[in-house]
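Undergrad: Take this structure first; my questions come after.
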Amino acid sequence: MSPLRERLEALGQTALLIFILTSAAFLSAITAMRIAIHGRETTMPNIIGKNVSEANRMLSSRGLVLRVADRAYSDEPMNVVVRQTPTSGQLMKVSQQAHVVLSLGQRQLEVPLLEGSSLRVSRIELLRAGLQVGEVSNVTMPDTPVDQVVEQTPRPGAGAATPRVDVLVSQGPRDAAYVMPHLVGMTEADAGKRLDAAGLKKKVNYVTAPQWPHGSVIDQSPLGGARVGASAPVELTVAN
């Protein structure tokens, strides 16, 4: 083998060795970088329901920082975490902030006495107290004025944790009801007698209708057979 060829082979082997060493160093650097990056990440723990001190310890142990974003009334005791951002399980970088909402405890509200007041007055009283009307139920009570509150939940006094007050309201006495008679085709006088006998009020509208006999009922509202309350007016259309 000639000296030139031997020298070329030696140079080739040296270049190959340099390439292998360079590649190994590059891969080692990439691996070290990935380890360093992933080594600075952690997962967000579930701290809802935890006292703020315990939540802070849990976050600090993972290199995270607790930040109180807000406070709100809730059924949880005071200074207990009720909401968190990010949610548990999410990947976070070390030193990243975790935003939490802390409980102010139950809001103790003074519930005013509504029973005996009208529904309208009750709404105003509740708004003044920082409350509002919840579910409104109705009941027929002959001896109680219409729209009067007869019962409330919660009861008057302090200690309400909910801003809504449910009320039971009187509808007054049950209105008598009748089955509407068929009046179309009758004379206005006969129809009036039928309504007077049933204790129903009437309102008469006159229209020009040459095809109908003069003074006859050509339309009625409500229609015959319908249920009508004693206080509801009955409209008759009469041919003029």
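The values are calculated or read from the model by the stated rules, or taken from the named source; none is laboratory data. No experiment lies behind these values; they were computed from the predicted model shown. Virtual Cβ from ideal backbone geometry, glycine too; neighbours counted across all protein chains shown.
Undergrad: Give the residues of the range 69-111 that are of a type in the set (Val, Ile, Thr) and more than 25 Å from the chain's Cα centre (by Cα), sorted by residue number.
TA: The one that is of a type in the set (Val, Ile, Thr) and more than 25 Å from the chain's Cα centre (by Cα): Val94.
Undergrad: Looking only at the range 151-174, decide whether some residue is more than 33 Å from the chain's Cα centre (by Cα) and either surrounded by 12 or more Cβ atoms within 10 Å (Cβ to Cβ) or β-branched (Val, Ile, Thr) (or both).
TA: Scanning the range 151-174 turns up at least one residue that is more than 33 Å from the chain's Cα centre (by Cα) and either surrounded by 12 or more Cβ atoms within 10 Å (Cβ to Cβ) or β-branched (Val, Ile, Thr) (or both).
Undergrad: Further question: Go over the candidates Thr144, Thr162 one by one and state the one that is part of a loop (DSSP other than H, G, I, E, B), at pLDDT 85 or above and polar (S, T, N, Q).
TA: Thr144
Undergrad: Working carefully through the options Ala209, Ala197, Ala189, find the one that is within 30 Å of Asp143 (Cα to Cα) and either surrounded by 12 or more Cβ atoms within 10 Å (Cβ to Cβ) or among the small types (Gly, Ala, Ser) (or both).
TA: Ala197
Undergrad: Right, next: So the check is Cβ under 7 Å with 6+ separation or different chains; which pairs have a first residue in the range 75-89 that's in the same structural domain as Ser53 (by TED's automatic domain parsing) and touching a residue at least 60 places away in the same chain (Cβ under 8 Å) and a second one that's assigned to a loop (DSSP other than H, G, I, E, B) and hydrophobic (A, V, I, L, M, F, W, C)?
TA: Qualifying pairs under 7 Å: Asp75/Ala161.
Undergrad: Here's a follow-up. Can you tell me which residues in the range 54-85 are among the hydroxyl-bearing types (Ser, Thr, Tyr), out of contact with any His (no Cβ under 7 Å at 6 or more places or on another chain) and exposed (fewer than 15 other Cβ atoms within 10 Å of the Cβ)?
TA: Result: Ser60, Ser61.
Undergrad: Moving to a separate point now. Taking the conditions exactly as written (closer than 19 Å to Ser117 by Cβ, of a type in the set (Ser, Thr, Tyr) and buried (at least 17 other Cβ atoms within 10 Å of the Cβ)), does Ser216 satisfy them or not?
TA: no
Undergrad: Taking only the range 86-115 into account, find how many residues are surrounded by fewer than 16 Cβ atoms within 10 Å (Cβ to Cβ), of a type in the set (A, V, I, L, M) and not in a loop (DSSP other than H, G, I, E, B).
TA: 1
Undergrad: At pLDDT 85 or above, over 30 Å from Asp219 (Cβ atoms), in contact with a Gly (Cβ under 9 Å, 6 or more places away or on another chain) and not assigned by TED's automatic domain parsing to the domain that holds Gln220, is that true of Val149?
TA: Against the criterion (at pLDDT 85 or above, over 30 Å from Asp219 (Cβ atoms), in contact with a Gly (Cβ under 9 Å, 6 or more places away or on another chain) and not assigned by TED's automatic domain parsing to the domain that holds Gln220), Val149 qualifies.
Residue-by-condition table, conditions (1) among the small types (Gly, Ala, Ser); (2) part of a loop (DSSP other than H, G, I, E, B); (3) in contact with a Gly (Cβ under 7 Å, 6 or more places away or on another chain):
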residue	(1), (2), (3)
Asp166	no, no, yes
Val169	no, no, no
His182	no, yes, yes
Asp190	no, no, no
Leu195	no, no, no
Val204	no, no, no
Val217	no, no, yes
Thr237	no, no, no
